[in-house]
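Let me begin by presenting the structure, written as C-alpha cells, before commenting on it.
Computed from the coordinates by the stated procedures, all read-outs in this text should not be read as laboratory data. Source: prediction; values computed, not measured. All Cβ positions, even for glycine, are placed from backbone atoms using ideal geometry, and neighbour counts span all protein chains on display.
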Amino acid sequence: MTTATLEKPAKAAINGVDVPTLVATLGVVGQQPDIARFTFRAKGEWLSGTHSRIAFSDYYGAMAEQAHRQKHTIEGDHTEVLCGTDNGVTPVEMLLAGLSACITAGIGNIASIRQVKLHSVETTIEGDINLNGIFGLDKSVRNGFSGVRATFRITGDAPDEVLEQIVQQSVARSAVFDVLTNGVPVTIAAIAG
C-alpha cells in the first residue's frame with residue numbers, strides 16, 4: 001500500500017463554504033482554545049416611540065478586537081396594532097430570526113464539511129406570546145414566548161436521513177438554541193444623565 005492510497009481526499013469548497021479554511025480553523029482552535037473566545041456587541045439608539053436602530057460594527061474574537069467589513073444595522077419597532085409605527089421588526093421577531101440564522105448557518109457548514117451538496121434550506125420559526133404578561137394585566141402569564149416551533153425543510157444530494165442528521169447536529173451546536181433552551185445570565189446597568 002502506498003501513502004497515496006492512505007490519504008483521505010481533500011475536502012473541497014461547497015455550498016458557498018470554504019471548507020479547507022473551515023477545517024484549518026477547527027485545527028487551530030483545537031490547538032489554541034483561547035482563540036475561540038468571542039464577545040459580540042449590539043449598540044442601540046432610540047429613534048422615537050417604540051422605534052430603535054441597532055448597529056453592529058465591532059466585536060472581540062480570535063484574541064483581538066475585530067471589525068465587520070461594513071457596519072450592519074437593523075431597526076426594531078412594534079407593529080401598528082401594538083401602538084408602534086412598524087418601522088422595523090419586533091424584538092421578539094429578531095429573536096426568531098437569530099434562531100433561524102444560527103441553525104441555517106450550521107446546516108451550511110455541517111453539510112459542507114460532510115461534502116453534501118445542498119439544494120435548498122427553508123425555515124419557518126414561530127413563537128407564541130400572550131401580551132397580557134408584557135402589559136402587566138395577568139401576573140400568571142410570562143412576558144416572553146410560551147413556546148417556539150422551528151421547521152427546517154432541507155434538500156440536497158444525500159439521503160433524507162443524512163439531511164435530517166445535518167439539521168440535528170446543527171441544532172445541537174447552535175449558540176442561539178442553547179441560549180433559548182438553557183438560559184444565560186443577563187446583567188443590566190442603567191446609567192442616567
query: If the cut-off is a Cα-Cα distance under 20 Å, which aspartates and glutamates reach Lys117, setting aside same-chain residues fewer than 8 apart in sequence?
result: Asp18, Asp157, Asp160, Glu161, Glu164
- request: Please report, in debye to the nearest 20, how large the charge dipole of segment 16-89 is about its Cα centre when each Lys and Arg carries +1 at its beta carbon and each Asp and Glu carries -1 there.
  value: 240
query: Hey, if you put +1 on the Cβ of every Lys and Arg and -1 on every Asp and Glu Cβ in the chain, which of Gln70, Pro185, Leu26 ends up farthest toward the positive end of that dipole?
result: Leu26
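Given the rule -39500 (n - 2.57) for each run of at least 4 DSSP H residues, summed and divided by the residues of the chain, what is its mean residue ellipticity at 222 nm, to the nearest 500 deg cm²/dmol?
Working: 6 runs with 66 residues, N = 193.
Helix-only estimate at 222 nm: -10500 deg cm²/dmol.
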- line: Once amide hydrogens are built 1.01 Å from N within the peptide plane, the residues lying 5 or more places from Gly44 or on another chain with amide H under 5 Å from its amide H are Ala55
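Give, to the nearest whole percent, the P(r) tail of the chain beyond 20 angstrom, counting all Cα pairs. Mind dumping the intermediate values first?
On the way: 12971 of 18528 pairs.
Value for the chain: 70 percent of Cα pairs lie more than 20 Å apart.
Using only alpha carbon pairs under 8 Å that are at least six residues apart, calculate the relative contact order of the chain and give it in whole percent.
On the way: 265 pairs, mean separation 28.8, N = 193.
Normalised by residue count, the contact order of the chain is 15 percent.
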task: Counting other beta carbons within 10 Å of each Cβ, put His51, His72 in order, fewest first.
output: His72, His51
